[in-house]
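What follows is calculated from the coordinates using simple rules that are stated; it is not laboratory data. Treat the numbers as computed from the prediction; the structure is a model and nothing was measured. Cβ atoms come from the backbone with ideal geometry, glycine included; neighbour counts cover every protein chain shown.
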Amino acid sequence: MDHLVIQGGVPLRGTVRVNGSKNASLPIIAAALLTDEPVIIEGVPDLLDVRTMIAVLEGLGAAVEYDQERALLRIICGELPPAAPSADLVSRMRASFLVLGPLLARKKAVSLPLPGGCAIGTRPVDLHLKGLSAMGASFSIVGGRVEGCTEGLRGARIYLDFPSVGATENIMMAATLARGSTILENAATEPEIVDLANCLNSMGAVVVGAGTAHIRIEGVPRLGGTRHGVIPDRIEAGTLLLAGVITKGDLIVENLLPDHLKSLLAKLTEAGALVEEVGPNAIRAAAGERSAAVDLKTMPYPGFSTDLQPQFMVLLALAEGTGTVTETVFENRFRHVEGLSSMGARIQVEGRRAIVRGQPCLTGAPVVAPDLRGAAALLLAGLAAQGKTELLQAEHLWRGYCSLEERLASLGAQLKRISAEPERALFTGS
Ligand code: UD1
């Protein structure tokens with residue numbers, strides 16, 4: 001168990017660089033299962049979730065070399081013996097379920113623990129299973145595991161009831177090695193889907209239309225190795241931009257793709273922040289006077305990302321006036337409200353809507369991180385608050401943010417990590 005002690009009230013100033021995307025890296029690591037040739041991935045951030053995905057692949061028989069300093073991952077999935085990831089690994093991270101499609105395509109059989117629910121919602125996998133069933137796979141659920149098999153996947157026309165990111169990725173990966181064409185309608189359009197498609201195409205796949213709701217995949221007999229660099233992490237970028245504005249600082253965030261952040265940039269501008277592109281891949285974010293309250297609704301991309309909703313709520317908690325946050329993607333993503341309230345925020349949750357009455361300031365308090373992005377929100381609140389905040393269960397942050405304390409400290413933040421276990425002990429076994 002780690003906690004962070006934050007001495008708030010210091011405006012963050014300076015320049016900070018964004019790492020490679022977690023949510024792009026995870027499916028691309030899973031995609032390495034589709035070939036027996038080496039897959040080299042550049043820009044892979046050193047995160048707990050990445051370590052978990054590596055452990056899942058190693059458990060399946062992959063040979064993995066990870067050079068954290070150079071953010072370089074080399075994976076060879078040669079002969080894959082019959083193996084099944086442990087429930088412990090899969091329960092740590094829902095994205096482990098992304099090995100389902102590649103394993104079915106490559107091995108024709110798979111046994112995976114059900115990822116089950118998690119803190120931010122029930123998060124079922126029905127869309128993954130429905131799509132793969134349409135391609136000729138059969139599934140049974142036995143003792144909390146999904147047992148899947150196929151005599152050979154074939155292309156199909158699949159309509160997703162909801163544009164699920166994970167289901168789009170699983171189906172897209174499986175379809176690359178299926179017989180014939182797969183048409184995926186109402187597909188997710190997130191930039192991470194495009195990055196995965198680009199990687200698959202560089203392995204010899206034929207994926208057309210990624211980034212739109214209509215993706216066509218022509219199956220090929222085999223895929224080869226590749227070298228692929230992942231896109232920058234738009235959620236990390238957004239969190240840092242918000243940190244600049246919320247602390248009334250002035251930051252330049254480098255190595256981001258402004259196109260991926262349009263909804264956040266529009267909301268920041270609407271709230272009165274100064275946001276300007278200062279280079280092709282850099283944005284300056286600074287606070288104007290006190291931010292103005294705005295209304296926010298999370299949506300699948302290109303709508304406002306649910307992964308930035310908790311962090312934006314901190315801006316509203318400190319804004320002039322009353323704003324609302326409507327969460328449409330996950331049913332239980334307001335768990336950060338409790339911590340924010342104990343820091344003096346005035347937030348009323350009514351079902352999927354939170355009404356946030358802005359206050360002139362927040363005050364430091366002991367708070368418990370509820371989940372990854374909720375932890376980021378409480379960290380931002382602690383950086384802006386007057387006095388000391390103790391963020392308990394801060395290890396949620398290490399799932400999605402790399403060298404965070406060091407980088408925030410380089411911008412002036414005063415914070416210290418206190419580990420109850422030896423340094424990096426959480427990474428053991430992965
Ligand atoms: C991915 C992201 C996560 C982000 C989310 C939404 C990764 C590793 N994680 O998660 O950070 O918050 O997209 O942008 O990329 N659903 C079903 N049935 C299914 C699948 C999903 O009902 O079979 C529901 C979920 O419960 C949820 C919604 O669809 O309410 C969105 O889930 P999905 O887009 O699948 O998110 P993930 O891929 O799990």
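With runs of 4+ DSSP H residues as the only contributors, calculate the mean residue ellipticity of the chain at 222 nm using -39,500 (n - 2.57) per run, divided by the residue total and rounded to the nearest 500. Can you show the working numbers first?
Values: 14 runs with 129 residues, N = 430.
That comes out to -8500 deg cm²/dmol.
So if the hydrodynamic radius of the chain is defined as the Kirkwood radius over C-alpha pairs, what does Stokes-Einstein give as its diffusion coefficient at 37 °C and 0.692 mPa s, in µm² per second? Don't jump to the answer; show the numbers that get you there.
Details: Rh = 22.0 Å.
Using the Kirkwood radius from Cα pairs, D works out to 149 µm²/s.
Determine, for LYS267, LYS107, LYS262, the number of other Cβ atoms within 10 Å of each Cβ, and report the residues in order from fewest to most. Before the final figure, lay out each step's value.
Values: LYS267 21, LYS107 17, LYS262 13.
The order, fewest Cβ neighbours first, is LYS262, LYS107, LYS267.
Given a cut-off of under 8 Å on Cα pairs at least six residues apart, what relative contact order in percent is computed for the chain?
Working: 1075 pairs, mean separation 90.4, N = 430.
Relative contact order here is 21 percent.
What ranking of PHE162, PHE312 emerges when the number of other C-beta atoms within 10 Å of each C-beta is taken as an exposure proxy, fewest first?
Numbers: PHE162 11, PHE312 28.
Starting with the residue having the fewest Cβ neighbours, the order is PHE162, PHE312.
Taking the Cβ of GLY14 as the centre, find all other residues whose Cβ is under 12 Å away and add up their charges (Lys, Arg: +1; Asp, Glu: -1). Mind showing how you got there, number by number?
Values: positive: ARG13, ARG17, ARG284, ARG407; negative: ASP250, GLU254.
Spelling it out: positives minus negatives among the neighbours equals +2.
Return MET173, MET313 ranked ascending by Cβ neighbour count within 10 Å, so the fewest neighbours appear first. Let's see the in-between values first.
Numbers: MET173 32, MET313 26.
If I rank by nearby Cβ atoms, fewest first, I get MET313, MET173.
Using the eigenvalues of the Cα gyration tensor, what equivalent ellipsoid semi-axes result for the range 22-229 when each is taken as the square root of five times the eigenvalue, whole Å, largest first? Provide the component values of the computation, followed by the final result.
Working: eigenvalues 96, 79, 58 Å².
Values for the range 22-229, descending: 22, 20, 17 Å.
Could you tell me which helices of the chain pass both thresholds, a Cα extent of 15 Å or more along their own axis and a mean Kyte-Doolittle hydropathy of at least 0.5, with helices taken as whole DSSP H runs?
Working: long enough: 48-59 (16 Å, 0.97); 165-176 (17 Å, 0.76); 191-202 (17 Å, 0.35); 234-246 (17 Å, 1.44); 372-384 (19 Å, 1.75).
Flagged H segments are 48-59, 165-176, 234-246, 372-384.
In whole angstrom, how far apart do the alpha carbon centroids of the range 49-119 and the range 150-207 sit?
18
Over 29 Å between Cα atoms, which of LYS297/LYS388; LYS22/LYS297; LYS262/LYS416; LYS248/LYS297 qualify? Walk me through the numbers before you get to the answer.
Values: LYS297/LYS388 31 Å; LYS22/LYS297 23 Å; LYS262/LYS416 33 Å; LYS248/LYS297 24 Å.
Distance filter (> 29 Å) returns LYS297/LYS388; LYS262/LYS416.
If r is the Cβ-Cβ distance from VAL220 to THR363 and R0 is 45 Å, what FRET efficiency results, to the nearest 0.05?
Working: r = 59 Å, r/R0 = 1.31.
The calculated FRET efficiency here is 0.15.
Which residue, LEU240, PHE312, PRO300, has the largest displacement toward the positive end of the dipole of the range 215-316 when charges sit on each Cβ (Lys, Arg +1; Asp, Glu -1)?
Result: PRO300.
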